[in-house]
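The values are calculated or read from the model by the stated rules, or taken from the named source; none is laboratory data. These numbers come from a predicted model, not from an experiment. In this analysis, Cβ positions are derived from the backbone assuming ideal geometry, glycine residues included, and neighbour counts consider all displayed protein chains.
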Amino acid sequence: MEIYGEYDVVVAGGGTSGVAAAIASARAGAKTILIERLGTLGGQLNVSGPPGFAYAYMFNPRKEQIIGGIMEETHNRLLKQGLAVPHTTPDFRIGYSFSLVDPDYWGLMIFEMMEENGVELQLHSLAVDVIKEGDAVKGVVVENPSGRQAVLGKVVIDCTGEGHVSAMAGAPYEQPPKEDLEPHTISFTVDGVDWDKVLDYVRENAEYEFNPLTHPYLDWTPKQVAERIKKVKDITEISNFMGYFSLMKKALDAGEWHPYSGVGFFIMPRDNGKFQAHFQHSSQVGSADPTDVRDLTYCEIECRKQVTMALKFIKKYMPGFEKSYLSRMCSELRIRESRRIVGDYILTKKDVAEARKFKDVIGKSSFSSGAKHIATTDTLDLGGIVYPKDGGSYDIPYRCLVPKVIDNLLVGGKAISTDRDSYARFLQITMVTGQAAGAAAAVCTRKGITPRQLEDYVSELQAILEKQGVILYGTH
């Protein structure tokens, strides 16, 4: 088998966690290669998304910024070009901040950043196996148009999302039975929206037609939120519009809406100060295992049937969308739930609820624990949901990135070690953990130690992360 090359750090997967890992690794002085199965980079940000939570939750409910680093840097870079929305923390949406970016310009920018930081890319390459000596990973095997090749590295970072590399290496993992998994979806975007008409409808029907999305830290009743929404003057104050309950029921009764998801959209910033409506919940398929190609194929087919129905519903039923048209169809499934690799520490629901801080902190999150999507019109099961206490945030410990049993391997992104309730699939967490994994791998290669041994030298990692702008301390 041909050896493609030898590197300090090999990052498998070029989604949101992988690009952050590669940049952080290269900036910390490691010779880095990023392997991606597609011809583009960005994953859930610009391939299967953006998700509505793209560049959200960078602030906790106290309006303290808790996420910086590469996420803040890229947001600021696009903001200066008029391709992002300023950090938005409206009074009635406390704890639900938005810092939205144009996903397609983000995709162009991320290629520029790879070149600027000296990251080598290997695109159109799928990791199909690992190279091991005992329990130590020494590289990955890829397949691409050139055939089968070996990419060797001192440290490998699994940023595949579904933990494929870790599973191939023999790392322990957890995944619920497929009938219990959250449903997967295909997102799409429409243009041609009359935003004045949209806002008129929202304001007139705020109390009964829309999910108020209140937060425990905000001592407002749903009625108070509705009264505040009636005073909204700009769509960026709301950012996501979930509900349209009576319209959905009317369409369901007429057979013009499918019974697998709710109705709603997120705004998406575009060039020249324009906005489009991005629908990520309008197709959902449950009971599908994303590690089974048959299930994945079925989801891709079924979601597109649901999207076709949704597009007709949007034009017929939603005020302001009468002249809308499809402008962007995401090219593949957005996978909501898959493997969680078992690491040296498992982040728990209790950690989230207590806003726990850790000595080996590598990043923060204020996202809740316990909510799960279900494939019905009641799109979110909020039973047992908890939020970080006192409107604060919780630390993500470095040990969550270190798989048990296996050496020379780190995990970044949604497959890091958590319990099911605290699954780290949301975009902002994937970029935080990806950046930390990349910096950690670089430290390991420089010191000649394994990622597990780095647990005893974590202060060196933290110093690098702070230098890269990551927020580790000083917030609730």
note = Of L472, L454, L409, the only residue that is under 28 Å from S99 (Cα atoms) and not β-branched (V, I, T) is L472
query = Going by the structure shown, is A310 in contact with a strand residue (DSSP E or B) (Cβ under 7 Å, 6 or more places away or on another chain) and assigned to a helix (DSSP H, G or I)?
reply = yes
request  = Tell me, please, whether a residue that is touching a residue at least 40 places away in the same chain (Cβ under 8 Å), farther than 23 Å from K372 by Cα and of a type outside the set (D, E) can be found in the stretch 262-269.
outcome  = yes
task = Of the numbered conditions (1) free of Cβ contacts under 8 Å to residues at least 12 places away in the same chain; (2) closer than 30 Å to R270 by Cα, K350 fails exactly one; give the number of that condition.
result = (2)
inquiry  = What's the number of the only condition in (1) in contact with a strand residue (DSSP E or B) (Cβ under 9 Å, 6 or more places away or on another chain); (2) under 30 Å from P177 (Cβ atoms); (3) surrounded by fewer than 17 Cβ atoms within 10 Å (Cβ to Cβ) that S261 fails to meet?
reply    = (3)
Top-ranked residue of the stretch 165-176 - restricted to ones that are part of a loop (DSSP other than H, G, I, E, B) and over 22 Å from the mean Cα position of the chain (by Cα), ranked as surrounded by the most Cβ atoms within 10 Å (Cβ to Cβ) = A171
request  = Grab the helices (runs of 4 or more DSSP H) fully contained in the stretch 193-271, keeping just those with 1 or more residues being of a type in the set (S, T, Y) and more than 20 Å from G52 (Cα to Cα).
outcome  = 195-204, 206-209, 245-253
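Rundown of residues vs (1) touching a strand residue (DSSP E or B) at 6+ places or on another chain (Cβ under 7 Å); (2) among the hydrophobic types (A, V, I, L, M, F, W, C); (3) closer than 30 Å to Y345 by Cα; (4) surrounded by 15 or more Cβ atoms within 10 Å (Cβ to Cβ), yes/no style:
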position	(1), (2), (3), (4)
L123	no, yes, no, no
V130	yes, yes, yes, yes
D135	yes, no, yes, no
V140	yes, yes, yes, yes
Q149	yes, no, no, yes
G163	yes, no, yes, yes
L181	no, yes, yes, yes
D196	no, no, no, no
Y208	no, no, no, no
inquiry  = Suppose we keep only residues that are surrounded by 18 or more Cβ atoms within 10 Å (Cβ to Cβ) and at pLDDT 65 or above within the stretch 371-382. Which one would you say is farthest from the chain's Cα centre (by Cα)?
reply    = A375
message = Scan the stretch 27-37 and tell me whether some residue there is more than 20 Å from G107 (Cβ to Cβ), of a type in the set (D, E, K, R), at pLDDT below 95 and out of contact with any strand residue (DSSP E or B) (no Cβ under 7 Å at 6 or more places or on another chain).
response = no
note = Expected single match for at pLDDT 95 or above and charged (D, E, K, R) among K223, K250, K230, K178 is K250
key: Selection within the stretch 199-217 - at pLDDT below 90 and farther than 14 Å from N240 by Cα   = E207, Y208, H215, P216, Y217
request  = Of the numbered conditions (1) assigned to a loop (DSSP other than H, G, I, E, B); (2) of a type in the set (S, T, Y); (3) over 23 Å from A56 (Cβ atoms), S331 fails exactly one; give the number of that condition.
outcome  = (3)
task = Have a look at A415, A424, A441, A463 and point out the one that is assigned by TED's automatic domain parsing to the domain that holds A26, assigned to a helix (DSSP H, G or I) and in contact (Cβ under 8 Å) with a residue 12 or more places away in the chain.
result = A441
inquiry  = Quick test for you: out of E322, E354, pick the one residue that is under 30 Å from Q453 (Cβ atoms) and either among the aromatic types (F, W, Y) or surrounded by fewer than 17 Cβ atoms within 10 Å (Cβ to Cβ) (or both).
reply    = E354
inquiry  = Looking at F367 and the list (1) within 27 Å of G49 (Cβ to Cβ); (2) in contact with a Gly (Cβ under 9 Å, 6 or more places away or on another chain), which single condition is not satisfied?
reply    = (2)
message = Just the residues that are assigned to a loop (DSSP other than H, G, I, E, B) and either touching a residue at least 40 places away in the same chain (Cβ under 8 Å) or over 15 Å from I471 (Cα atoms) (or both), please, taken from the stretch 57-81.
response = Y57, M58, N60, P61, R62, E64, I66, I67, G68, Q81
task = Taking the residues in the stretch 417-453 that are among the basic types (K, R) and over 13 Å from the mean Cα position of the chain (by Cα) as candidates, determine which candidate is nearest to Q468 (Cα to Cα).
result = R446
ask   = What pairs can you find where one residue is in the stretch 299-311 and farther than 15 Å from T189 by Cα, the other is surrounded by 19 or more Cβ atoms within 10 Å (Cβ to Cβ) and hydrophobic (A, V, I, L, M, F, W, C), and their Cβ atoms are less than 6 Å apart, with a gap of 6+ or different chains?
value = C299/V285; C299/A288; C299/L333; E300/L333; E302/V285
query = Right, D289: part of a loop (DSSP other than H, G, I, E, B) and among the acidic types (D, E) or not?
reply = yes
task = Answer yes or no as to whether I33 is touching a residue at least 60 places away in the same chain (Cβ under 8 Å) and more than 16 Å from E112 (Cα to Cα).
result = no
query = List pairs: first in the stretch 394-411 and assigned by TED's automatic domain parsing to the domain that holds I346 and at pLDDT 95 or above, second among the charged types (D, E, K, R) and part of a helix (DSSP H, G or I), Cβ under 6 Å, 6+ apart or cross-chain?
reply = Y394/D351
request  = Kindly indicate whether D200 is of a type outside the set (F, W, Y), closer than 23 Å to L333 by Cα and either buried (at least 22 other Cβ atoms within 10 Å of the Cβ) or outside the structural domain of E73 (by TED's automatic domain parsing) (or both).
outcome  = no
